Amino acid sequence: MLGFVPPLPQQPGRPPSFGHMIVCGDDALARRLAVELRFIYGERVTLLLPPGRDANNPETPLTQRGRAAALFGRMSAPMNRAGSGNAATGGSGDTNAGVEAVRIMEAPEPSDDILEEAGIDRAAALALVYDDDERNIRAALTARRLNPRLRLVIRLYNRKLGQHLEELLDQAAAVAMPGIDPALLDASTTVLSDADTAAPALAATALTGSSKIIQAEGLLLRAAERPPPRPGESTDPGLCTLALLSSTTNDPAGAEGSDTSGDEAPQLLPDERAVAEATGRGTVVLEAISRADPDRPATRMGGRGAPLSQIFSRRLRWSALGFALAAVALVVASLLTTEDTALHSAYLTLLDLLGMNDPAEDAPPARQIIQILSGIAGLFLLPLLIAAVLEAFGTLRTASSLRRPPRGLSGHVVLLGLGKIGTRVLVRLRELDIPVVVVEEDPEARGIPLARSMHVPTVIGDVTQEGVLEAAKIRRAHALLALTSIDTTNLEATLYARSVKPDLRVALRLYDDEFATAVYRTLRTAHPQALTRSRSVSHLAAPSFAVAMMGRQILGAVPVERKVMLFAALEVAGHPQLEGHTVEQAFRAGAWRVLAIDATPPADRNPDLAALPPFDPEGDATPPPSGLVWDLHPGYVLRAQDRVVIAATRRGLAELLRRQRSAVAGR
């Protein structure tokens, strides 16, 4: 079943063009990715959706095609308004002028016949972003067989499986195309996880003054959000200023800046003049680029196994200490009143305590008194031992079960939902040693075993029910992350939490951008002193998937309010805006900025950027022999053999790729 998104004329019989892109999925990420490719990069896109109602919203009467059309209508208009005059809009400001809509197909599975009908043999790239890993893997194997030259971008939650699948599909491409360019082979298969892409940004919203971390292939880029400087003060720009935050950031009624916010929106990659003229605006600055430490496992909120302090209660431990002191006193008394050695006195006292010694009928009176006192003390030993055994048995039995929040816990983060996204955010928070209390309705949820193994306090229950958030100690919490898959649940939990603690930091996961903006505006108006953020996982992840489909090495994405900044690795060759220009000349305000350079000759180049030796130019603008340069001299001239790490807006990166394509075609 074919069709095109209204209001453009329907062209059901038109076959897909050569070099077009195919997106297969069943949720918001697929639709956002299709919009990103069509209206940002100007690519021809075929979107394959399952027929029928939306599984995540069974109450809606809209079909998948209807929901896609509604989403395209909402998203394409602001994208085209913001970028009128570029290739994606045909050079006019009209929303629909010269723009062919996304081609939509409906099929339950991406089978051989369906993929062939979608034009898999003529496609340049295929994105498989179903929520089911198994379906994505099955479709990837089919697509690689049908078109070995196809660039594959696959969404997988399982990291280890993704690495093995990427190697397998690359090997299949190499066998089918002997002598393929290693650079093309490296980009032929990319496995990404929307959960991994969004988790750092979601975790960062819960932390005060936290850094935004981009980590890929061992390379770490650290950016920090800084408040507006006070009068007479200046903000440290770090290595460079990546963004100016929205002018309405401190306005209770102001919405988070997005592509439709006009002059009030955040400015990505501003020049020095814009930074100097900005007043009352916070900034996002790049603090450092370095090698990342090896991944370390997330820490537990407790030691290994069951610690002694958790096996035995405090009352039992004090009782045992009292009994031990009494035994020591009896040994000392026996030693002072008799002529026995210390060892023999301790031995006799122990036998008396255990009721194993014979009566001291012929012993001196002092010895008889000590024996009686030891017997009395021994009477308290039996219940003490029984209590210890019972407590140890109960604690060890529940050591592998979910833990309740401790009584004195405060300053923690309450995390709602342990699905794919919530589980990744939990790991991220524990890596930062942030105390967390999890609330999950389903005792069989994906992240429950992880929470159990990490000894994270967990409350099982419906967050909308009375008493559940109280059990998570919401009154003493520092922040709330509402990350369930249901918008109304996240909103209801947030409103209740704010009624309990008005200054609580809140981050919500919401599907619809318009709804998210309305929620944000209302919460900021009602609670102007509290931090509120609304985030869409598909909004955060779609740019990374789109860049991967264009065949570029995406390092990560950083949200700046409701905009997204990309970090990518590019070859300078073929980019006329970069090649032969100095770093200062290559900078394009609001579009891209060169952050680091790999000057290693292409023949010796290591795909892993972090494996390169660092090079300190010490103010020298001459090219280094090899290595990764992140303290760049403005006069460094970019050469064709260089590989650069850039920060770019979505439209800036799209322009770079279009110019490169035009330059290659002109040759």
Would you please name the residue that is modelled with the lowest pLDDT, looking only at residues in segment 495-545 that are closer than 25 Å to Thr197 by Cα, among the basic types (Lys, Arg) and out of contact with any Lys or Arg (no Cβ under 8 Å at 6 or more places or on another chain)?
Arg533
For Thr458, are the conditions met, namely being part of a strand (DSSP E or B) and over 19 Å from the mean Cα position of the chain (by Cα)?
yes
Looking across segment 231-244 at residues that are at pLDDT below 75 and under 17 Å from Val285 (Cβ atoms), the single one that is surrounded by the most Cβ atoms within 10 Å (Cβ to Cβ) is Thr235
Checking Ala377 against (1) under 60 Å from the mean Cα position of the chain (by Cα); (2) at pLDDT below 70; (3) farther than 30 Å from Leu595 by Cα, which test does it fail?
(2)
Whether any residue in segment 169-192 is assigned to a helix (DSSP H, G or I), at pLDDT 85 or above and farther than 28 Å from Leu242 by Cβ is what I want to check.
yes
Single unsatisfied condition, Ala477 versus (1) buried (at least 22 other Cβ atoms within 10 Å of the Cβ); (2) free of Cβ contacts under 8 Å to residues at least 12 places away in the same chain; (3) not aromatic (Phe, Trp, Tyr)
(2)
Within segment 417-455, track down each residue that is over 15 Å from the mean Cα position of the chain (by Cα), part of a helix (DSSP H, G or I) and crowded, with 21+ Cβ neighbours inside 10 Å.
Ala451
Number of the exception - Val500 against (1) within 26 Å of Ala243 (Cα to Cα); (2) open to solvent by 20 Å² or more (accessible area, probe 1.4 Å); (3) of a type outside the set (Gly, Ala, Ser):
(1)
So which residues in segment 630-647 are farther than 16 Å from Glu571 by Cβ and either buried (at least 19 other Cβ atoms within 10 Å of the Cβ) or modelled with pLDDT under 85 (or both), if there are any at all?
Trp630, Asp631, Leu632, His633, Pro634, Tyr636, Ala647
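Which residue out of Gly551, Gly590, Gly580 is more than 20 Å from the chain's Cα centre (by Cα), surrounded by fewer than 21 Cβ atoms within 10 Å (Cβ to Cβ), under 18 Å from Arg658 (Cα atoms) and at pLDDT 85 or above?
Selected residue: Gly590, the only one of Gly551, Gly590, Gly580 that is more than 20 Å from the chain's Cα centre (by Cα), surrounded by fewer than 21 Cβ atoms within 10 Å (Cβ to Cβ), under 18 Å from Arg658 (Cα atoms) and at pLDDT 85 or above.
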Which of (1) farther than 14 Å from Val414 by Cβ; (2) part of a loop (DSSP other than H, G, I, E, B); (3) at pLDDT 85 or above is the odd one out, the single condition Leu491 does not satisfy?
(2)
Report, by residue number, each residue of segment 21-46 that is more than 18 Å from Leu192 (Cα to Cα) and either modelled with pLDDT under 90 or not polar (S, T, N, Q) (or both).
Val35, Arg38, Phe39, Ile40, Tyr41, Gly42, Glu43, Arg44, Val45
Just one of Glu134, Glu166 is assigned to a helix (DSSP H, G or I), in contact with a strand residue (DSSP E or B) (Cβ under 6 Å, 6 or more places away or on another chain) and either open to solvent by 50 Å² or more (accessible area, probe 1.4 Å) or under 29 Å from Ile421 (Cβ atoms) (or both); which is it?
Glu166
Among the residues of segment 472-488, which ones are assigned to a helix (DSSP H, G or I) and farther than 13 Å from Val436 by Cα?
Arg475, Asp487, Thr488
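The values are calculated or read from the model by the stated rules, or taken from the named source; none is laboratory data. All values reported here derive from a predicted model rather than from experimental measurement. For neighbour counting, all protein chains shown are included, and Cβ atoms are generated from backbone atoms with ideal geometry for every residue, glycine included. These accessible areas exclude ligands, DNA and RNA; they are computed on the full protein's heavy atoms, side chains included. Shrake-Rupley method; radii C 1.70, N 1.55, O 1.52, S 1.80 Å.
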